[in-house]
Amino acid sequence: MQIGHNIRKVRELKDLTQNYVAQQLNISIAAYSRIERNKTAISLERLQQIAAVLGTPAAVILNFNEQDVLSPAASIQALASEIRQLRNEIRAGNNRSRKKNPAS
């Protein structure tokens, strides 16, 4: 998957510089450039940080479609999907905790 390429396209469509994004992430421009060039693997946490800086849901970056980036409705739909997924993960985590600690 070309996540770095997708990140670059979203950044360019948002008219942001590599320097700006790197500063927001508190990393060097060189490190950020390696992300965009797919020279460095990124964690889900880092992807979410980049998405926040770009003002775009991570799902839009992962499933890049230029229209999604430009369409607020598509971004809202992708964000709602992310929220549902996170809610399900939290519920699953809570259920596991209850099974481990039945008294709580």
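The set of residues in the range 33-60 being touching a residue at least 40 places away in the same chain (Cβ under 8 Å) and either open to solvent by 60 Å² or more (accessible area, probe 1.4 Å) or hydroxyl-bearing (Ser, Thr, Tyr) (or both) consists of Thr56 alone. Only one entry in Asn63, Asn19 is closer than 14 Å to Glu82 by Cβ and either among the basic types (Lys, Arg) or surrounded by fewer than 16 Cβ atoms within 10 Å (Cβ to Cβ) (or both), namely Asn63. Among helices (runs of 4 or more DSSP H) entirely within the range 1-65, having at least 1 residues that are among the hydroxyl-bearing types (Ser, Thr, Tyr) singles out 18-25, 29-36.
Just one of the numbered conditions (1) open to solvent by 80 Å² or more (accessible area, probe 1.4 Å); (2) within 14 Å of the chain's Cα centre (by Cα); (3) at pLDDT below 85; (4) not hydrophobic (A, V, I, L, M, F, W, C) is not true of Glu82; which one? With respect to (1) open to solvent by 80 Å² or more (accessible area, probe 1.4 Å); (2) within 14 Å of the chain's Cα centre (by Cα); (3) at pLDDT below 85; (4) not hydrophobic (A, V, I, L, M, F, W, C), Glu82 is out only on (1).
The values are calculated or read from the model by the stated rules, or taken from the named source; none is laboratory data. In this text, all values refer to a predicted model and were calculated from it rather than measured experimentally. Heads up, the Cβs are rebuilt from the backbone with ideal geometry, glycines too, and the neighbour counts pull from every protein chain shown. All accessible areas refer to the heavy atoms of the entire protein, side chains included, with ligands and DNA or RNA removed. Shrake-Rupley method; radii C 1.70, N 1.55, O 1.52, S 1.80 Å.
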